[in-house]
1. Does the stretch 121-132 hold any residues that are touching a residue at least 12 places away in the same chain (Cβ under 8 Å) and either part of a loop (DSSP other than H, G, I, E, B) or open to solvent by 40 Å² or more (accessible area, probe 1.4 Å) (or both), and which are they?
2. In the set 100, 105, 74, which member is surrounded by 12 or more Cβ atoms within 10 Å (Cβ to Cβ), within 12 Å of the chain's Cα centre (by Cα), within 18 Å of residue 139 (Cβ to Cβ) and at pLDDT 85 or above?
3. Under the condition of being touching a Phe, Trp or Tyr at 6+ places or on another chain (Cβ under 7 Å) and closer than 13 Å to residue 121 by Cα, which residue from the stretch 77-87 is surrounded by the most Cβ atoms within 10 Å (Cβ to Cβ)?
4. When the stretch 133-146 is examined, which residues are found to be open to solvent by 70 Å² or more (accessible area, probe 1.4 Å) and either of a type in the set (S, T, N, Q) or closer than 28 Å to residue 84 by Cα (or both)?
5. For the stretch 36-67, enumerate the residues that are out of contact with any Phe, Trp or Tyr (no Cβ under 8 Å at 6 or more places or on another chain), open to solvent by less than 80 Å² (accessible area, probe 1.4 Å) and at pLDDT 80 or above.
6. Quick check on my filter: what residues within the stretch 78-120 are part of a strand (DSSP E or B) and of a type in the set (A, V, I, L, M)?
Amino acid sequence: YVLWAVFFGRNASTDYSIGFSIAAVTLITASLLVFFQTVLLMPFRDDGSEFKLDVWRLLLDTMISSLFMIVAFSVLYRNIGLVHDSANIKPSALDAIYFSSVTFSTLGYGDFAPQPSIRIIAAAQALLGNLHLGMIVGATFAAIRR
């Protein structure tokens, strides 16, 4: 999707697709599973053995999870649309990735906004972005400390 967006994603989508929505929900669900299983719960793993957390692996997994989540949410934003200059638009794939990145990082430039029907989803993405940022900062400091 990212490679397609870079080469062919400059054109805006013209219509709503149920297939795109199903793909977006599937990708978002998969990204949440990856995040919770691989990233968020990893530091708390206790299987009775001498488990030692690999902070570099945790940092890499968190970065991969971040990229996966940004792309997954961008598919949804591209399909449902965004608000730009008080008008509902169908963004290009690059604009959707941009909006997803800005939302994930909680930067919020304000040039795009989510449709009213998915504001809670955009807010959830911002909260997940904060969790990712915390994991990245924590893993980075743990790696530096070793």
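The values are calculated or read from the model by the stated rules, or taken from the named source; none is laboratory data. This one's a predicted model, so the numbers in the text were calculated from it and none came from an experiment. Cβ: placed from backbone, ideal geometry, glycine included. Neighbour counts: every protein chain shown. Accessible surface is based on the protein model in full, side chains and every heavy atom, while ligands, DNA and RNA are left aside. Shrake-Rupley method; radii C 1.70, N 1.55, O 1.52, S 1.80 Å.
1. To start, the set of residues in the stretch 121-132 that are touching a residue at least 12 places away in the same chain (Cβ under 8 Å) comprises 121-122, 125-126, 128-132.
Those that are touching a residue at least 12 places away in the same chain (Cβ under 8 Å) and either part of a loop (DSSP other than H, G, I, E, B) or open to solvent by 40 Å² or more (accessible area, probe 1.4 Å) (or both): 121, 130, 131.
2. Values: 100 fails: within 18 Å of residue 139 (Cβ to Cβ); 74 fails: within 18 Å of residue 139 (Cβ to Cβ).
None of the others qualify; the one that does is 105.
3. Per the criteria, the residue is 77.
4. Residue satisfying the conditions is 133 alone.
5. From the stretch 36-67, those out of contact with any Phe, Trp or Tyr (no Cβ under 8 Å at 6 or more places or on another chain) are 36-44, 46-64, 67; that's our starting set.
After this cut, where a residue has to be open to solvent by less than 80 Å² (accessible area, probe 1.4 Å) as well, the list is 38-40, 42-43, 48-49, 51, 53, 55, 58-59, 61-62.
Those that are out of contact with any Phe, Trp or Tyr (no Cβ under 8 Å at 6 or more places or on another chain), open to solvent by less than 80 Å² (accessible area, probe 1.4 Å) and at pLDDT 80 or above: 55, 58, 59, 61, 62.
6. Step one: list which residues in the stretch 78-120 are part of a strand (DSSP E or B), which gives 82-84, 87-89, 92, 113-114.
82, 83, 87, 89, 113, listed by residue number.
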